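Here is the structure we will look at, set down as structure tokens.
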């Protein structure tokens, strides 16, 4: 039996879509996607692990993430597609936590990603 507890709720926001399916990037997934090793590029999973370590946690403590302002539609073949964003600069998200929460943010603009015409914003 699963115990389901509310963690947090989006209560306000601008900018359209937020993705909960695609997960976060990692050095490994970037290497597969880009076709070459990426150990020197920042990646969200490694950023999360680094920050959690400062709080006595490890990679096993990472929970599914939310990609705010990320437009990831599902195609006819059920493949996820990262496409240009629809959010304008200055967008915001308001969250309400239902319990004590450690919120870790990672912003690693995908320099080699065609989203936004190869111009991370």
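Computed from the coordinates by the stated procedures, all read-outs in this text should not be read as laboratory data. Because the structure is predicted, anything quoted here is derived from the model rather than measured. Note that each Cβ is placed from the backbone with ideal geometry, even for glycine, and that neighbours are counted across all protein chains shown.
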Given the options 34, 41, 3, name the one that is within 18 Å of residue 101 (Cβ to Cβ) and more than 14 Å from the chain's Cα centre (by Cα).
3
Of (1) closer than 16 Å to residue 107 by Cβ; (2) within 15 Å of the chain's Cα centre (by Cα), residue 90 fails just (2)
Selection from the stretch 57-70 of residues touching a strand residue (DSSP E or B) at 6+ places or on another chain (Cβ under 6 Å) and outside any loop (DSSP other than H, G, I, E, B) yields 67, 68
Residue in the stretch 19-32 that is in contact (Cβ under 8 Å) with a residue 60 or more places away in the chain and in contact with a strand residue (DSSP E or B) (Cβ under 7 Å, 6 or more places away or on another chain) present
yes
In the stretch 37-56, how many are within 25 Å of residue 71 (Cα to Cα) and part of a loop (DSSP other than H, G, I, E, B)?
4
Selection count where residues are part of a loop (DSSP other than H, G, I, E, B) and touching a residue at least 12 places away in the same chain (Cβ under 8 Å), scope the stretch 71-89:
10
